[in-house]
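Participant: Before I ask anything, here is the structure I am working with.
Derivation of every value follows stated rules applied to the coordinates shown; laboratory data play no part. This one's a predicted model, so the numbers in the text were calculated from it and none came from an experiment. For neighbour counting, all protein chains shown are included, and Cβ atoms are generated from backbone atoms with ideal geometry for every residue, glycine included.
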Amino acid sequence: MLDFLKLHKQSPVFSSITTDIHCHLIPGVDDGSTSLDETVNCLREMAKMGFKKIFFTPHFQARYPNQEEDILKRFELLKEHLRKLGDNDLPEIGGVAGEYRFDNLYEKHPEDKPLTLPGKKLLCELSLHTSDYSPIEVFKQFLDAGYSLILAHPERYPYLNIHSKLISDILNMGVKIQVNILSLQGFYGVGAMEKGYDYMRNGIVDYIATDTHNMRYVNALAGIEHNKRLRKIIDNTTFLNNQL
Ligand SMILES: [Fe+2]
């Protein structure tokens, strides 16, 4: 009986992607986690799903005009709290970066020294609503300054799809693409889900991330266990997550 159970025990959903490069779990800095307890609970559940390493990426945008020094201090405090907790069931803390919005209201430049993922990888996002801004010029500045760029959740921008000139321009520049795994679960609606799968089918997705803000996201992640279509993709696609 025990052998039978072992044979049929499913591996954790995230046994092939064990590094999350995008979440909002530094307590109290943006629209993500509001408390240390909430952060710890989210991290604990994510570890159970298979995540071994987490990078924290708070928003930098007009609505959340965070300052890098302040985020670094808060991150160090969080690390200290987690260290004191001594909970071996939490994922490793990979580091802190930012999710930088580029739109008509907010723009960073290389001289601003934004917080990046290892290897000067800048996680960035565009407006969730309008296309009346082109990031091409500022993207060029960052690439010329030795940064790499990762565009977060292009499936969530209603004005963008696999046929858009902007997507092909961005890809031609060497910008990497990160899809939200919860988009593929339908968390942001059918449109984002289908575009997410479209990007996957076209082989342009380099990273997949949770973009976790709170337990609502974590509970939705848990639902992936029963999503065979998505689990198959996770298991059969090579993402770059674990290089970080
Ligand atoms: Fe995000």
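Participant: With θ set to phi - 60° and the Karplus curve 6.51 cos²θ - 1.76 cosθ + 1.60, what are the ³J(HN,Hα) couplings of the stretch 110-119 in order, to the nearest whole Hz, using x for Gly and Pro?
Facilitator: Residue by residue, the stretch 110-119 yields x, 5, 6, 6, x, 7, 10, 6, x, x Hz.
Participant: Give me the distance in nm between label points sitting 7 Å out from Cα along the Cα-to-Cβ direction at Arg216 and Glu69, one decimal.
Facilitator: In this crude spin-label approximation the distance works out to 3.5 nm.
Participant: Along Cα→Cβ, 7 Å out, is where each label goes; now give me the distance between the ones at Glu92 and Leu36 in nm to one decimal.
Facilitator: 2.4 nm
Participant: Only Cα pairs under 8 Å and at least 6 apart count here; give the relative contact order of the chain as a rounded whole percent.
Facilitator: 21 percent
Participant: Further, regarding this structure: Students often get this wrong: which residues of the stretch 93-117 have the backbone nitrogen under 13 Å from the point 7 angstrom along Cα-to-C-beta of Lys140?
Facilitator: none
Participant: Enumerate the calculated ³J(HN,Hα) couplings along the stretch 124-135 in order (Karplus 6.51 cos²θ - 1.76 cosθ + 1.60, θ = phi - 60°), each rounded to whole Hz, writing x wherever the residue is Gly or Pro.
Facilitator: With coefficients 6.51, -1.76 and 1.60, one gets 9, 9, 10, 4, 7, 10, 10, 9, 7, 8, 10, x Hz.
Participant: Ranked highest first by the average count of other Cβ atoms within 10 Å around their residues, in what order do 91-102, 62-73 fall?
Facilitator: 91-102, 62-73
Participant: Run the quick spin-label model on Asp132 and His163: label points 7 Å from Cα toward the beta carbon, then report their separation in nm to one decimal.
Facilitator: It works out to 2.5 nm between the two label points.
Participant: For the charge dipole of the stretch 17-243, defined by +1 on Lys and Arg C-beta atoms and -1 on Asp and Glu C-beta atoms about the Cα centroid, which residue among Met200, Ile21, Ser127 has the Cα displaced farthest towards the positive pole?
Facilitator: Comparing the listed Cα positions along the dipole, Met200 ranks first.
Participant: Within a Cβ distance under 14 Å of Ala209, other residues only, what is the Lys/Arg minus Asp/Glu net charge?
Facilitator: Result for the local shell: -2.
Participant: Roughly how many debye, to the nearest 20, is the charge dipole of the chain about its Cα centre, given +1 on each Lys and Arg Cβ, -1 on each Asp and Glu Cβ, and no other charges?
Facilitator: That gives a dipole near 800 debye.
Participant: Which of Asn88, Tyr159, Leu43 sits farthest toward the positive end of the charge dipole of the chain, with +1 on the Cβ of Lys and Arg and -1 on the Cβ of Asp and Glu?
Facilitator: It is Asn88.
Participant: Do the alpha carbons of any pairs in Lys48/Lys228; Lys195/Lys232; Lys113/Lys165 sit beyond 21 Å of each other, and which pairs?
Facilitator: As for pairs spanning more than 21 Å Cα to Cα, those are Lys113/Lys165.
Participant: Grab the other residues whose beta carbon is less than 11 angstrom from that of Pro58, score K and R as +1, D and E as -1, and report the net.
Facilitator: -4
Participant: Ordered by packing density, taken as the mean number of other Cβ atoms within 10 Å over each peptide's residues, highest first, how do 15-28, 32-45 rank?
Facilitator: Going by the mean number of other Cβ atoms within 10 Å, highest first, we get 15-28, 32-45.
Participant: List the aspartates and glutamates whose Cα sits under 13 Å from the Cα of Lys176, skipping any in the same chain fewer than 8 residues away.
Facilitator: Glu125, Asp206
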